[in-house]
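The values are calculated or read from the model by the stated rules, or taken from the named source; none is laboratory data. Not measured: the values here are computed from a predicted model. All Cβ positions, even for glycine, are placed from backbone atoms using ideal geometry, and neighbour counts span all protein chains on display.
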Amino acid sequence: MLLVMQAYGIPLTPQENGRKAIGIFEQAARLDSRSPDPYLGIARVAVYTLRDPDRAASAQEEAKQRGYVEIDRDRALLADGYRYQAFDLWKSMRGKNCDDVDRGLLDRVRKLLERSIDLYRGIPQFSGTQANLESVRTTFADVNMYCRPSWWKIFER
């Protein structure tokens, strides 16, 4: 169906293109089941297009099972993915009345940010890590203060 839509000039969304790319990578993995490369491609598309770090982590595990040795870039990819997903969820919540905020979603944002922080800490010398880490820490502090009563500030000293 997607190919037909493209043939008629109907532009695909980034998510549709991402899912299509993952399908192509999966097809490549079936053709050469020993190669880690298709899984590395899946991981990058999962993070940068679909904002799905869990899918990326799974793909990276598949690559490792096929002999790939993880490097800092792979950890940075996952850290970016958790950061992106947290920021997207956080943006969807900001500006809402605290009574309307889903507390489970707020906890999910915290966990994603914590995971991102842990991964960035493990690669302190990798390009851009320090700036990304600072950005995540700042957002984490904002998330932790979200919907707290004003009197809570007395305990932060």
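Right, G122: of a type in the set (G, A, S) and either surrounded by 12 or more Cβ atoms within 10 Å (Cβ to Cβ) or touching a residue at least 12 places away in the same chain (Cβ under 8 Å) (or both) or not? So G122 fits the description; yes.
Here D99 clears all of (1) in contact (Cβ under 8 Å) with a residue 24 or more places away in the chain; (2) assigned to a helix (DSSP H, G or I); (3) not aliphatic (A, V, I, L, M) except the condition numbered (1). Is at least one residue of segment 71-87 crowded, with 19+ Cβ neighbours inside 10 Å, in a helix (DSSP H, G or I), among the polar types (S, T, N, Q) and assigned by TED's automatic domain parsing to the domain that holds D142? Looking through segment 71-87, at least one residue is crowded, with 19+ Cβ neighbours inside 10 Å, in a helix (DSSP H, G or I), among the polar types (S, T, N, Q) and assigned by TED's automatic domain parsing to the domain that holds D142. If the condition is being within 16 Å of P38 (Cα to Cα), assigned to a helix (DSSP H, G or I) and of a type in the set (D, E, K, R), then segment 50-70 contributes R55, E61, E62, K64.
Considering Y68, Y48, which residue is without any contact (Cβ under 8 Å) to a residue 60 or more places away in the chain, within 11 Å of the chain's Cα centre (by Cα) and surrounded by fewer than 23 Cβ atoms within 10 Å (Cβ to Cβ)? If you could, list the steps in order and put the result at the bottom.
Numbers: Y68 fails: within 11 Å of the chain's Cα centre (by Cα).
On inspection, the qualifying residue turns out to be Y48.
One residue stands out in segment 29-44 among those that are touching a residue at least 24 places away in the same chain (Cβ under 8 Å) and buried (at least 23 other Cβ atoms within 10 Å of the Cβ): the one that is farthest from V69 (Cα to Cα), namely A43.
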